[in-house]
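The values are calculated or read from the model by the stated rules, or taken from the named source; none is laboratory data. Predicted model only: the values in this text are computed from it and were never measured. Here the Cβ positions follow ideal geometry from the backbone for every residue, glycine too, while neighbour counts run over all protein chains shown. Please note that ligands, DNA and RNA were not included when accessible areas were found on the heavy atoms of the full protein model with its side chains. Shrake-Rupley method; radii C 1.70, N 1.55, O 1.52, S 1.80 Å.
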Number of protein chains: 2
Amino acid sequence: MTIALVLVGDELLGGSRRDRNGPWLAARCRELGVRVGEMHLVGDDPGRLAALLSGAARRNTSVCVSGGLGPTSDDVTRAALAEAMGVALVEDEAAWAQIRACLRRRGRVPAAGERRQALVPAGAQVLANEAGVAPGVRARLAGATVYALPGVPHELEAMFTAHVAPELVADADAGVARAVWIVGVPESDVAEQIEPLVRGVEVASYPHLGELEIVLRASGERADERVRRAEQAVRERLGARVYDPAPGERIEHVVVRLLAERGLHLATAESFTGGLVAAMLTRVPGASAVFTGGWVTYATEEKSARLGVPAETIAAHGVVSEAVAGAMAEGARQRGGTELGLATTGAAGPDGVEVPGRAPVPPGRVCLALARAGGSTEARTLYLPHGRRLVQRFGAVRALDMVRRALGRGAG
Amino acid sequence: MTIALVLVGDELLGGSRRDRNGPWLAARCRELGVRVGEMHLVGDDPGRLAALLSGAARRNTSVCVSGGLGPTSDDVTRAALAEAMGVALVEDEAAWAQIRACLRRRGRVPAAGERRQALVPAGAQVLANEAGVAPGVRARLAGATVYALPGVPHELEAMFTAHVAPELVADADAGVARAVWIVGVPESDVAEQIEPLVRGVEVASYPHLGELEIVLRASGERADERVRRAEQAVRERLGARVYDPAPGERIEHVVVRLLAERGLHLATAESFTGGLVAAMLTRVPGASAVFTGGWVTYATEEKSARLGVPAETIAAHGVVSEAVAGAMAEGARQRGGTELGLATTGAAGPDGVEVPGRAPVPPGRVCLALARAGGSTEARTLYLPHGRRLVQRFGAVRALDMVRRALGRGAG
């Protein structure tokens, strides 16, 4: 069985506003073990939408539509669905009563178009909307079940969870899925390493800008046991590279949680990442308990002036070097009065970094260092061949991962 | 005339990897004045893709497909297009010669599947790929022109620009569009302010996480004159709020360019934005000419220790205050040895900021300051009611906009 996702609204096709509902629905379907066969974005055009719905219903077992259920004339989903089904729109009395009750609770009198929201294609069922005004619709079309839900994200999410997910699960082949997250191994290498370990289990990997989510899935007999065995083999093979974010979390959440659990504090000293490591940490609510502050020492002389990196170290090793990264990390740690200091220096590109008396540092070469109280500092050099923005992003993720690996797995 | 965009690849439907090609293509079509009628994401499934292409070709004048042209067996676009057209795949000799030449330049011997990339549906034309191996295809299907391009973003972008855009423009109804960019006015207020000024011109606005793009469009008689008149009226009404990024640029590019043109340097001092202002500036290639570095002083005591904010100022005004923002900006400017210092302090949420002896600062209240050589500092307070990540992002954009407004319009 497969599902088609259809997102309705002129605003989705302008190239500026990114659709959020499609990725949200796709991620939920994946968690439920339901394969998404296709996803469509279409404007407020009833003829076009009707044609799309007919095609999607023929090719899939379910179709989930988001948007176009409101009270205005560009809300075309009900009419398009009725057209595709070849039936008329009829008013559902219970739906109209619900709409009026909902508006009354909000202190509003129904506006002219509001009654349109009680129309459903003949033979379809109304789905209650606890979070908003417009009810949803469930209908059969060309052998598939079509769910039409509002486009307002919190209404969509509540209604998908209440009405659609349980039916998909009941129909699905009840697969079992487990995720393993890692940083620092290219997707292609991971596939090679783990495929021999996971016989009888389906593997998919999803890169998240430097983090990699590996999903192991099986269905049928002893699916749970097979997936757990595969997961254990993968975790053993990948060892300390594995960490455990809670749903919706990323590595910065894991790092903040690990620091908080251990009562540790971190200071940052950034060159090629330009503040991104600090910005990622401070996205996490409560980061102030573990992150006091940091330095962006973008110019070479700033590294000496702010962090006390000796000019001789820079002259001897070059500004992109493990020695300079280490001195930056220790400088940040001491000046910040923290247990840990994390530093980045490198060439983000598009040009290399000119170093007096040496060959230029090629774009993508970066050095990272983590300093700990007591004087132990570890440093490493990486080559990140992805272009400026991704060198910065991947470098920041790898820097955070040094902290994570120093502290443990970080189960969410 | 409308265009359908079709993005091919299993990885697009997993809910993790966001498609970038669709929004890029949609934005280019908008700039060219070509309406996007629908957008589809579909997996590597030739039957499903063939059915989708047939439907899209019937409903639109052009179809642009991205992805599925490579050498492996999941690259299904050529076969699906041939199936939809009801023709066989035939080898194009010139294409095969180009592929071999390209691989030779990269020092590679053609692998087993590579020759598949020279197959095209009978009657279709090959589109040269200057940036990669797999050539593109142009074909006619159900009255529409179908363009199949690679999914690798830089190849797609180069080929769309070289082969597709000129043909779309030649076919388009030659509408005229001009964009005006602003920061700091809610979308709904802008609509109210400018709609009376732009009779006979279509207005659309596109929010970009704190920046707002207003597009004025017209077609038919004297379209150019009408759009220019509307643009002038909008620019007069919005005054200094308007700036002029080059295509693909954002406010951080404008700020870096303005600083470079004036030979000025900036240092940053960030609290609630946590390094995001610095990270945005350093995304811009060449930022090192104008940005030497900055401080992330997240903890209150760091603001005094690093930037010399007097403890009395904090005690008298609270840590989220224009006085503290101003002292941070001036502290960064002096310590950085720069002509300008930019500072942020505020409550990003989800919780407010506790202040000894005062009411807590509510989430979303932020203060920004810009210090200039000679001691003149301007500061302002804003309320940004969007949740932690967007408070940080909108605050960083508003801070950069203070620099932009101090320096001028920043034409790209």
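Looking at B:ALA179, B:ALA170, B:ALA174, which is the one that is farther than 24 Å from B:LEU384 by Cβ and either modelled with pLDDT of 85 or more or assigned to a strand (DSSP E or B) (or both)? Walk me through it before giving the result.
Values: B:ALA170 fails: either modelled with pLDDT of 85 or more or assigned to a strand (DSSP E or B) (or both); B:ALA174 fails: either modelled with pLDDT of 85 or more or assigned to a strand (DSSP E or B) (or both).
After ruling out the rest, the residue left standing is B:ALA179.
Answer with yes or no whether B:GLY136 is crowded, with 19+ Cβ neighbours inside 10 Å, within 21 Å of the chain's Cα centre (by Cα), of a type outside the set (D, E, K, R) and modelled with pLDDT of 90 or more.
On the way: crowded, with 19+ Cβ neighbours inside 10 Å: yes; within 21 Å of the chain's Cα centre (by Cα): no; of a type outside the set (D, E, K, R): yes; modelled with pLDDT of 90 or more: yes.
It is false that B:GLY136 is crowded, with 19+ Cβ neighbours inside 10 Å, within 21 Å of the chain's Cα centre (by Cα), of a type outside the set (D, E, K, R) and modelled with pLDDT of 90 or more.
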Quiz item: A:SER304 is checked against (1) closer than 30 Å to A:ARG358 by Cα; (2) among the polar types (S, T, N, Q); (3) open to solvent by less than 10 Å² (accessible area, probe 1.4 Å) and fails just one. What number does that condition carry?
Solution: (3)
Practice problem: Exactly one condition in (1) crowded, with 18+ Cβ neighbours inside 10 Å; (2) at pLDDT below 90; (3) within 27 Å of A:LEU5 (Cβ to Cβ) is not met by A:MET85; state its number. | Solution: (2)
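Give the stretch A:216-234 a look and list any residue that's assigned to a helix (DSSP H, G or I), open to solvent by less than 50 Å² (accessible area, probe 1.4 Å) and not β-branched (Val, Ile, Thr), or say none. Spell out the reasoning first.
At the first step, the residues of the stretch A:216-234 found to be assigned to a helix (DSSP H, G or I) are A:223-234.
Still in the list and also open to solvent by less than 50 Å² (accessible area, probe 1.4 Å): A:223, A:227, A:230-231, A:233-234.
Correct list: A:ALA223, A:ALA230, A:GLU231, A:ALA233.
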Practice problem: Being open to solvent by less than 50 Å² (accessible area, probe 1.4 Å) and either touching a residue at least 60 places away in the same chain (Cβ under 8 Å) or within 14 Å of another protein chain (Cβ to nearest Cβ) (or both) is the filter here, so list the residues in the stretch A:235-244 that pass it. | Solution: A:VAL242, A:TYR243, A:ASP244
Quiz prompt | Top-ranked residue of the stretch A:263-303 - restricted to ones that are within 21 Å of A:PHE394 (Cβ to Cβ) and in a loop (DSSP other than H, G, I, E, B), ranked as nearest to the chain's Cα centre (by Cα) | solution = A:VAL284
Self-check item: Residue selected from the stretch B:275-290 under the condition farther than 15 Å from B:ILE251 by Cα and within 7 Å of chain A (Cβ to nearest Cβ), by the criterion most open to solvent (accessible area, probe 1.4 Å)
Solution: B:SER288
Exercise. Filter the stretch B:187-211 down to residues that are of a type in the set (A, V, I, L, M) and in a loop (DSSP other than H, G, I, E, B) and give me whichever is farthest from B:VAL234 (Cα to Cα).
Key: B:LEU209
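Here's a check for you: in the stretch A:372-387, which residue that is among the polar types (S, T, N, Q) and in contact with a helix residue (DSSP H, G or I) (Cβ under 7 Å, 6 or more places away or on another chain) is least open to solvent (accessible area, probe 1.4 Å)?
So in the stretch A:372-387, the residues among the polar types (S, T, N, Q) come out as A:376-377, A:381.
Subset that is in contact with a helix residue (DSSP H, G or I) (Cβ under 7 Å, 6 or more places away or on another chain): A:377, A:381.
Values: A:THR377: 63, A:THR381: 44 Å².
Filtering the stretch A:372-387 for residues that are among the polar types (S, T, N, Q) and in contact with a helix residue (DSSP H, G or I) (Cβ under 7 Å, 6 or more places away or on another chain), the one least open to solvent (accessible area, probe 1.4 Å) comes out as A:THR381.
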Practice problem: Filter the stretch B:317-337 for residues that are closer than 22 Å to B:GLY364 by Cα and touching a helix residue (DSSP H, G or I) at 6+ places or on another chain (Cβ under 7 Å) and give the result. | Solution: B:HIS317, B:VAL319, B:ALA323, B:VAL324, B:ALA327, B:MET328
Quiz prompt | Scope the stretch B:349-371; condition within 13 Å of chain A (Cβ to nearest Cβ), in a loop (DSSP other than H, G, I, E, B) and either open to solvent by 10 Å² or more (accessible area, probe 1.4 Å) or modelled with pLDDT of 95 or more (or both); matching residues | solution = B:PRO350, B:ASP351, B:GLY352, B:GLU354, B:PRO363
Quiz prompt | Given (1) assigned to a helix (DSSP H, G or I); (2) over 31 Å from the mean Cα position of the chain (by Cα), number of the condition B:VAL87 does not satisfy | solution = (1)
Quiz item: If A:ALA323 satisfies every condition in (1) part of a helix (DSSP H, G or I); (2) open to solvent by less than 10 Å² (accessible area, probe 1.4 Å); (3) aliphatic (A, V, I, L, M) but one, which is the exception?
Solution: (2)
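To keep it simple, each residue is scored yes or no on (1) in a strand (DSSP E or B); (2) open to solvent by less than 10 Å² (accessible area, probe 1.4 Å).
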position	(1), (2)
B:ILE3	yes, yes
B:VAL6	yes, yes
B:ASP19	no, no
B:TRP24	no, no
B:CYS29	no, yes
B:GLY47	no, no
Exercise. Read through the list (1) out of contact with any Asp or Glu (no Cβ under 6 Å at 6 or more places or on another chain); (2) away from every other protein chain (no Cβ under 11 Å), then give the number of the only condition that B:PRO71 fails.
Key: (1)
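Being acidic (Asp, Glu), surrounded by 15 or more Cβ atoms within 10 Å (Cβ to Cβ), without any contact (Cβ under 8 Å) to a residue 40 or more places away in the chain and touching a strand residue (DSSP E or B) at 6+ places or on another chain (Cβ under 9 Å): is that true of B:GLU213 here? If you could, list the steps in order and put the result at the bottom.
Details: acidic (Asp, Glu): yes; surrounded by 15 or more Cβ atoms within 10 Å (Cβ to Cβ): yes; without any contact (Cβ under 8 Å) to a residue 40 or more places away in the chain: yes; touching a strand residue (DSSP E or B) at 6+ places or on another chain (Cβ under 9 Å): yes.
Criteria met by B:GLU213.
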Quiz item: Residues in the stretch B:250-259: is at least one in contact with a strand residue (DSSP E or B) (Cβ under 9 Å, 6 or more places away or on another chain), open to solvent by 30 Å² or more (accessible area, probe 1.4 Å) and within 14 Å of another protein chain (Cβ to nearest Cβ)?
Solution: yes
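Does A:GLY113 qualify as being in contact with a Ser or Thr (Cβ under 9 Å, 6 or more places away or on another chain), open to solvent by 40 Å² or more (accessible area, probe 1.4 Å) and of a type in the set (Gly, Ala, Ser)?
So A:GLY113 fails the test.
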Self-check item: Residue that is least open to solvent (accessible area, probe 1.4 Å) [pool: residues in the stretch B:31-45 that are more than 8 Å from chain A (Cβ to nearest Cβ) and assigned to a loop (DSSP other than H, G, I, E, B)]
Solution: B:VAL34
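Going by what's in this entry, would A:ALA316 be described as under 24 Å from B:THR273 (Cα atoms) and without any contact (Cβ under 8 Å) to a residue 40 or more places away in the chain?
Working: under 24 Å from B:THR273 (Cα atoms): no; without any contact (Cβ under 8 Å) to a residue 40 or more places away in the chain: yes.
Criteria not met by A:ALA316.
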Self-check item: Subset of the stretch B:372-387 (residues that are at pLDDT 90 or above and either closer than 17 Å to B:GLY331 by Cβ or within 14 Å of chain A (Cβ to nearest Cβ) (or both))
Solution: B:ARG372, B:ALA373, B:SER376, B:THR377, B:GLU378, B:ALA379
Quiz item: Looking at A:ALA79, A:ALA57, which is the one that is open to solvent by 10 Å² or more (accessible area, probe 1.4 Å), under 27 Å from A:ALA122 (Cβ atoms), more than 8 Å from chain B (Cβ to nearest Cβ) and not aromatic (Phe, Trp, Tyr)?
Solution: A:ALA79
Self-check item: Any chance A:GLU114 is part of a helix (DSSP H, G or I), of a type in the set (Asp, Glu) and closer than 20 Å to A:LEU7 by Cβ
Solution: no
